[in-house]
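K.L.:
Attaching a single structure in structure tokens format; questions to follow.
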Amino acid sequence: MRKPIIAGNWKMNKTAKEARDFAEAVKNNIPSNDKVDAVIGSPALFLSDLMTISEGSDLKVAAQNCYFEESGAFTGEISPAALADLGVQYVIIGHSERREYFHETDEDINKKAKAIIKYDMTPILCCGESLETYEAGETAEWIKAQITAGLAGLTPEQVSEMVIAYEPIWAIGTGKSADANIADEICGVVRQTVADLYSDEVAQKVRIQYGGSVKPENIAEYMAKENVDGALVGGASLQADSFLALLEALN
Ligand code: 13P
């Protein structure tokens, strides 16, 4: 059985105080850790505070990005070594906003996945198609290509432990979530791609999230689907009560 994973992605939101207040409000109210992994993806600036506050609780912490080099002259970047040293457990990579606004390529993202795994953290590898690709009926091919490039050179064991998030770009922050059947179908494409690249065993282990306008009111529809193991949530993860409601909807 794959353990559900609900991850908030705060994107470029909150001040340090707001981040601390959120963590204090949720850390002792996470439903049983046996049932779900609860993760918050915070701007790098607040990760240290979040690690301190969440220590000993069931709240896990993700970075929203990192660089693939270990150290050096890369002004403004954050190394996987530094994140691992803080105790950060997950790193989101390949989000469509990073691909679009910061020109990240599949090759960069693949290097990041390897660097994150090297430091014993778990990548949350994002994939997703534009509205144009979706309307042209080319989603499956697009997703297969992103996943194949993102996983290049990783071992079966490494992929088994990873999280992959399917986020159709047209559903992000638009309030226009993908129908749960579409989410299931495309998460199934991700799983089949992993099966083709590795094996059915690896495909049955990898956790696959849906993301795009997920809210407490609709999360249960997605989680009921065979191929959806969790959600990557933007807007509805920003308030403590809403984040907790997402987790409680799984109980
Ligand atoms: P929303 O939940 O705000 O649509 O954002 C989804 C997302 O991009 C999470 O990474």
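The values are calculated or read from the model by the stated rules, or taken from the named source; none is laboratory data. In this text, all values refer to a predicted model and were calculated from it rather than measured experimentally. Every residue, glycine as well, gets a Cβ built from its backbone with ideal geometry; the counts of neighbours run over all protein chains shown. The protein model used for the area step is the full one, side chains on, heavy atoms only, and it has no ligands, DNA or RNA in it. Shrake-Rupley method; radii C 1.70, N 1.55, O 1.52, S 1.80 Å.
K.L.:
Which one, ILE30, ILE109, SER71, is farthest towards the positive end of the dipole of the chain when Lys and Arg carry +1 and Asp and Glu -1 on their Cβ?
P.N.:
Highest projection toward the positive end goes to ILE30.
K.L.:
List the GluC sites (Glu not before Pro) within segment 1-58 that DSSP assigns to loop and that have no more than 12 neighbouring Cβ atoms inside 10 Å.
P.N.:
Filter output for segment 1-58: GLU55.
K.L.:
Another question about this same structure. Extending each Cα 7 Å along its Cβ direction at ARG2 and ASP21, get the distance between those two points in nm, one decimal.
P.N.:
Reported label-point gap for ARG2 and ASP21 is 3.6 nm.
K.L.:
Something else now. Treating only the Cβ atoms of Lys and Arg (+1) and Asp and Glu (-1) as charged, compute the dipole magnitude of segment 95-144 about its Cα centre; round to the nearest 20 debye.
P.N.:
The dipole of segment 95-144 has a size of about 440 debye.
K.L.:
If the only charges are +1 at each Lys and Arg Cβ and -1 at each Asp and Glu Cβ, what is the size of the charge dipole of the chain around the Cα centre, to the nearest 20 debye?
P.N.:
Using only the charged Cβ atoms, the result is roughly 440 debye.
K.L.:
Going highest first, how would you order 236-244, 66-74 by mean Cβ packing within 10 Å?
P.N.:
Packing proxy ranking, top to bottom: 236-244, 66-74.
K.L.:
Here is a further query. If I require 20 Å or longer along the helix axis, counting alpha carbons, and a Kyte-Doolittle average no lower than 0.0, what helices from the chain are left? Use full DSSP H segments.
P.N.:
Once both thresholds are applied, what remains is 180-197.
K.L.:
Which three extents, in whole angstrom, do the alpha-carbon atoms of the chain cover along their principal axes, largest first?
P.N.:
On the principal axes, the chain reaches 45, 44, 33 Å in Cα extent.
K.L.:
For segment 90-230, which whole-number percentage of the solvent-accessible area (1.4 Å probe, protein heavy atoms only) is attributable to carbon and sulfur atoms?
P.N.:
Carbon plus sulfur share of accessible area: 49 percent.
K.L.:
Determine, from the Cβ-Cβ distance of SER242 and LEU45 and an R0 of 25 Å, the FRET efficiency 1/(1 + (r/R0)^6), rounded to the nearest 0.05.
P.N.:
Step by step, r from the Cβ atoms, then E = 0.65.
K.L.:
Next question. Tell me which of THR122, GLY153, LEU83 sits at the most positive position along the dipole axis of the chain, charges placed on C-beta atoms (Lys, Arg +1; Asp, Glu -1).
P.N.:
Of the listed residues, the answer is LEU83.
K.L.:
Which links in LYS27/LYS144; LYS27/LYS111; LYS27/LYS118; LYS35/LYS114; LYS35/LYS111 stretch past 30 Å when you go from one Cα to the other?
P.N.:
Over 30 Å Cα-Cα: LYS27/LYS144; LYS27/LYS111; LYS35/LYS111.
K.L.:
Over the chain, give the accessible area per residue in Å² for a 1.4 Å probe, as an integer.
P.N.:
I get 45 Å² per residue for this part.
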